[in-house]
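Reviewing the structure listed below.
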Amino acid sequence: DTGVSQNPRHKITKRGQNVTFRCDPISEHNRLYWYRQTLGQGPEFLTYFQNEAQLEKSRLLSDRFSAERPKGSFSTLEIQRTEQGDSAMYLCASSFSGGLNTEAFFGQGTRLTVV
Amino acid sequence: TQLLEQSPQFLSIQEGENLTVYCNSSSVFSSLQWYRQEPGEGPVLLVTVVTGGEVKKLKRLTFQFGDARKDSSLHITAAQPGDTGLYLCAGAPGNQFYFGTGTSLTVIP
């Protein structure tokens, strides 16, 4: 297992278009998180899954955003009708819940630019 | 309101100098993580501190967890240009990870 994998690494899209990002977590991890990060800031929580269940969503996740993890493995994050304010780095992380020390491991991110 | 506050937010130092980054909260954490992130990349986990008062060393980096498990610090000795990056502390008091505001470190050769 090579860690958390995100695709694509970069995406440039026109305003109003839909985009979808994919995240493949570390295989034995049951938790998967999506974060958004703008330049120079720390990651902001968007949503997280435990197995296939989406257990928590941030108020940052407007109705244009939807995330799925259909089989409890990979996850997709879709943004509909993109806006310039959606331009950011989208990070995926995974962890294993079950121990006291929960550590999250991140993918390399998907850089979205909306023009 | 940020759950985890980091200071300083920006730090620019000369190669060879020492520095300390602080991560503070009013909440108690069972563990705290420190990450380093380079431009265009995802955060990379450096260390996890678990026990109050714990000190962990990673080469020139020393991490400390406060006795009350509400704060942590990262000390870098003899900083090098390769230490340049965004340093983030993170913790999970519940089910999601909260990140600090980040400290952007630049080490000038």
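Of note:
- Residue check for B:Gln2: under 25 Å from A:Ala88 (Cβ atoms), touching a Ser or Thr at 6+ places or on another chain (Cβ under 9 Å) and touching a residue at least 60 places away in the same chain (Cβ under 8 Å): yes
- Residue in the range B:35-83 that is surrounded by the most Cβ atoms within 10 Å (Cβ to Cβ), counting only those that are of a type in the set (A, V, I, L, M) and assigned to a loop (DSSP other than H, G, I, E, B): B:Ala79
Conditions tested, residue by residue: (1) of a type in the set (Ser, Thr, Tyr); (2) over 24 Å from A:Asn30 (Cβ atoms).
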position	(1), (2)
B:Phe29	no, no
B:Pro39	no, yes
B:His75	no, yes
B:Tyr87	yes, yes
B:Asn95	no, no
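- Answer residue from the range A:43-82, given it is small (Gly, Ala, Ser) and part of a strand (DSSP E or B) and is surrounded by the most Cβ atoms within 10 Å (Cβ to Cβ) among those: A:Ser75
- One residue alone among A:Asn18, A:Asn30 is farther than 26 Å from B:Thr101 by Cα, surrounded by fewer than 19 Cβ atoms within 10 Å (Cβ to Cβ) and either within 13 Å of chain B (Cβ to nearest Cβ) or in contact with a Pro (Cβ under 8 Å, 6 or more places away or on another chain) (or both), and that residue is A:Asn30.
- Just so you know, in the range A:67-107 the residues that are more than 24 Å from B:Glu41 (Cβ to Cβ) and at pLDDT 95 or above include one that is farthest from the other protein chains (Cβ to nearest Cβ), and it is A:Arg81.
- Number of residues in the range B:4-34 that are of a type outside the set (A, V, I, L, M, F, W, C), closer than 16 Å to B:Ser104 by Cα, surrounded by fewer than 17 Cβ atoms within 10 Å (Cβ to Cβ) and within 11 Å of chain A (Cβ to nearest Cβ): the value is 2.
- Residues (among the small types (Gly, Ala, Ser) and out of contact with any Lys or Arg (no Cβ under 7 Å at 6 or more places or on another chain)) located in the range A:1-28: A:Gly3, A:Ser5, A:Ser27
- For A:His10, the conditions (1) in contact with a Gly (Cβ under 6 Å, 6 or more places away or on another chain); (2) within 13 Å of chain B (Cβ to nearest Cβ); (3) over 25 Å from B:Gln33 (Cβ atoms) all hold with the exception of (1).
- Residues in the range A:39-48 include none that are more than 11 Å from chain B (Cβ to nearest Cβ) and farther than 17 Å from B:Leu88 by Cα.
- Looking across B:Thr101, B:Thr51, one residue alone is within 13 Å of chain A (Cβ to nearest Cβ) and free of Cβ contacts under 8 Å to residues at least 60 places away in the same chain. It is B:Thr51.
- Within the range A:49-62, residues that are without any contact (Cβ under 8 Å) to a residue 12 or more places away in the chain sit with their Cβ atoms under 7 Å from residues that are surrounded by 14 or more Cβ atoms within 10 Å (Cβ to Cβ) and assigned to a strand (DSSP E or B), at 6+ positions apart or across chains, in these pairs: A:Leu55/A:Tyr48; A:Leu55/A:Phe49; A:Glu56/A:Thr47; A:Glu56/A:Tyr48; A:Lys57/A:Thr47.
- Of all residues making up the range B:91-109, the number that are modelled with pLDDT of 85 or more and either assigned to a strand (DSSP E or B) or hydrophobic (A, V, I, L, M, F, W, C) (or both): 9
The values are calculated or read from the model by the stated rules, or taken from the named source; none is laboratory data. Quick caveat: nothing in here was measured; it's all calculated off a predicted structure. So basically every Cβ, Gly included, is an ideal-geometry build from the backbone, and we count neighbours across all protein chains shown.
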